[in-house]
Structures are given as structure tokens and as C-alpha cells.
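Below is one structure, written out as C-alpha cells; the observations come after it.
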Amino acid sequence: MSFFKKLFGRAPEPGPTAAPLTDRAPTGTSLAVLLDRLPESLSEMAREFPARLPALGAVDLGRETPDEPTFPAMLEVGGHSVWALGFDLPMPEEAQKRSIFYSNWDDAAKAPLYAHQAHVLLFYQGGSDDPVVQLSVLYALAAGMRPLGVADETAFNCVPAAVLQEASSAEFLRAAQTDIPSLLWTGILKFHREDGQTWYATRGFERFGKPNLAFLAPTGHGEQATDLFHALLNYQHFYNQTFEHGHTAELGGQFLRFADPYEYAEYLSGGHPVLTVTTDA
């Protein structure tokens, strides 16, 4: 969280109000790399990769010769396998909506991503069961293509190019091993109630094997929700815990209760398990 608070001055307020959507995210951990055009070779990406995840070493592209198509490609690095599929056309509109539109970035940051003309889908295929490791590998590979940014349907999020370069650096990815960058690797949607309250609901916690969380607060309390969700995801992941209905916890002097949703369950869940979080001072 500290990197993003330094970058933005504060955690961004969750963006456009959400509508119920049909889940269509691909199976497994994946990212969409957004480009002006497809790369003719992945060799530059392979050269840059070791600087981002030095412990894994070089990327093996297999046989890459001028008379062979660049895609599809199976990338091997340090015992990890990633499948890359290239498409010389933009992402489908629904995929852009689930990633770019519902992200928390402002319109100026989103504009170059909407303008992409090609995309590469990266699918993590094997090597580690840890989603932190999987996402680290995907981000390090994606950044090497020098894209306009990446789109993440599972997290209802995207990352513009300028931030992607920082978020795929060796320092950042090393820090992610002990502090999940939830502002990038997950997402938050908001659902307004008529009484001035807003449900803030996470997306992408299922990627970590955890229920998504929903927090009811006065409209405009997105930073409070963001900090709460960040702390709870990291606690669950690194302490091997999973909250369930009826569980309680203590965080920073606040007493937390977890329960099944009592309203708007379909909206809050997005088709995945979800728990509401209430706080007592």
C-alpha cells in the first residue's frame, strides 16, 4: 500500500458504480497485455525478465526463428510455464468493461488502454500454486512487451504503462512476496444505497482462495474500505487463514465480524463467495 499512497497521495476512491455482470474470466491466473500492435518477437521481453525476477533466471522461448509465428508461445522460466496467445485486434468490449471501465483509474489514465489495437493473453500454466508467485511472473513478462498497460478481468482492474513499469520492478515484486499489492492485483466495486451508504465489494480475492469481502460505509469512504480489504487479504494469505460466516477478528483496535450478506447478495458476490465485514470501535 505504501507505494500507491506515495504515488497518488492516497488510495484511489473506487470508480464507477457497478452493475451485475456475467462471470467470464478465463480459468487460471491470467493477464491481458494491451498493445498498439503485436510484437514480432518476444526476445526483448525475454532479455528484460531476469532483471525483474532475478531468482528465476532467463526465459526459454523454445525455437524462435524469423519464419515461425510469434504466437502461440509456451514460455518457460525457472520451473514456471506461461502460455501466450496473441490477437491482432482489441479485447472484446465486455472484457474491457470488466477490466478497464470498472477500474479506479481516472479517464486520462484509461484512454490509452481503450485505444489498444492488439492484445496478448498470458495464462499461468504451472510451477507454483501460490498466486503471489504466479502474478509476479505474469507481471514481469507483461512489462517486457512495453505495452500500453495490462487488463485483469478477474480483479476488475487494469494497470497503465507508467505504473506497470514500477509495479514489475525487482523491488516491487520482491515486496509483493510479503505484502500483496491489493490495489493492483484485486479490485473494488461500489454499490450505492438510497440512504447515502455504499457497499464496497472486492473482486479477485477468489484468486487467492479467499471469499470476497463487502463493507458498508458512508459514500466517500473508499480509502477506509481499501485499507481494510488490503489488511484482511494479506492476513488471510500469509497466515493461511480463511474467514467464514460467524468469524470475528481484531484489527488495529477494531473488532470485526464476518457474515453472509443480508442484502444484495447477487451484486456483492459477483458469482463468488462473499462475506460482509462490520466493525466495532
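The values are calculated or read from the model by the stated rules, or taken from the named source; none is laboratory data. Since this is a predicted model, take the numbers as computed values, not measurements. Note that we place each Cβ from the backbone using ideal geometry, even for glycine, and neighbour counts take in every protein chain shown. These accessible areas exclude ligands, DNA and RNA; they are computed on the full protein's heavy atoms, side chains included. Shrake-Rupley method; radii C 1.70, N 1.55, O 1.52, S 1.80 Å.
Might you let me know whether the stretch 250-272 holds any residue that is among the aliphatic types (A, V, I, L, M), touching a strand residue (DSSP E or B) at 6+ places or on another chain (Cβ under 6 Å) and closer than 21 Å to Asn104 by Cα? Yes. Within this structure, Val82 fails the test of being touching a Cys at 6+ places or on another chain (Cβ under 7 Å) and among the aliphatic types (A, V, I, L, M). Regarding Thr226, is this residue of a type in the set (Val, Ile, Thr) and either in a helix (DSSP H, G or I) or closer than 27 Å to Glu166 by Cα (or both)? Spelling it out, Thr226 is indeed of a type in the set (Val, Ile, Thr) and either in a helix (DSSP H, G or I) or closer than 27 Å to Glu166 by Cα (or both). Apart from one condition, Pro147 fits all of (1) touching a helix residue (DSSP H, G or I) at 6+ places or on another chain (Cβ under 6 Å); (2) of a type outside the set (Ser, Thr, Tyr); (3) open to solvent by less than 20 Å² (accessible area, probe 1.4 Å); (4) within 20 Å of Asn104 (Cα to Cα); the exception is (1). With respect to (1) without any contact (Cβ under 8 Å) to a residue 60 or more places away in the chain; (2) under 21 Å from the mean Cα position of the chain (by Cα); (3) farther than 14 Å from Pro211 by Cα, the lone exception for Phe229 is condition (3). The selection criterion, being out of contact with any Gly (no Cβ under 7 Å at 6 or more places or on another chain), among the basic types (Lys, Arg), under 16 Å from Pro39 (Cβ atoms) and surrounded by 16 or more Cβ atoms within 10 Å (Cβ to Cβ), does not hold for Arg98.
Which residue is nearest to Ala109 (Cα to Cα), if the candidates are limited to the stretch 120-144 and must be open to solvent by 10 Å² or more (accessible area, probe 1.4 Å) and among the hydroxyl-bearing types (Ser, Thr, Tyr)? Among those residues, the one meeting the criterion is Tyr124. Show me the helices (runs of 4 or more DSSP H) found entirely inside the stretch 42-153 where at least 1 residues are among the β-branched types (Val, Ile, Thr) and closer than 25 Å to Gly204 by Cα. Fully inside the stretch 42-153 and qualifying: 131-143. Restricting the stretch 200-234 to residues that are surrounded by fewer than 19 Cβ atoms within 10 Å (Cβ to Cβ) and polar (S, T, N, Q), the residue that is modelled with the highest pLDDT is Asn234. So is Ala142 within 25 Å of Arg37 (Cβ to Cβ) and either under 15 Å from the mean Cα position of the chain (by Cα) or among the basic types (Lys, Arg) (or both) or not? Judged against the criteria, Ala142 is a match.
Among the criteria (1) surrounded by 12 or more Cβ atoms within 10 Å (Cβ to Cβ); (2) modelled with pLDDT under 95; (3) farther than 18 Å from Ala167 by Cβ; (4) not β-branched (Val, Ile, Thr), the one Pro69 does not fulfil is (1). Restricting the stretch 150-199 to residues that are of a type in the set (Phe, Trp, Tyr) and under 9 Å from the mean Cα position of the chain (by Cα) leaves a set whose member that is surrounded by the most Cβ atoms within 10 Å (Cβ to Cβ) is Phe156.
Considering only the stretch 4-41, state which residues are of a type in the set (A, V, I, L, M, F, W, C), closer than 20 Å to Ser136 by Cβ and modelled with pLDDT under 95. Correct list: Phe4, Leu7, Ala25. The set of residues in the stretch 235-281 being open to solvent by 70 Å² or more (accessible area, probe 1.4 Å) and among the aromatic types (Phe, Trp, Tyr) consists of Tyr235, Phe238, Tyr239, Phe255, Tyr262, Tyr264, Tyr267.
Are any residues in the stretch 229-281 charged (D, E, K, R), over 21 Å from Ile180 (Cβ atoms) and part of a loop (DSSP other than H, G, I, E, B), and if so, which ones? Answer for the stretch 229-281, where residues must be charged (D, E, K, R), over 21 Å from Ile180 (Cβ atoms) and part of a loop (DSSP other than H, G, I, E, B): Asp260, Glu263.
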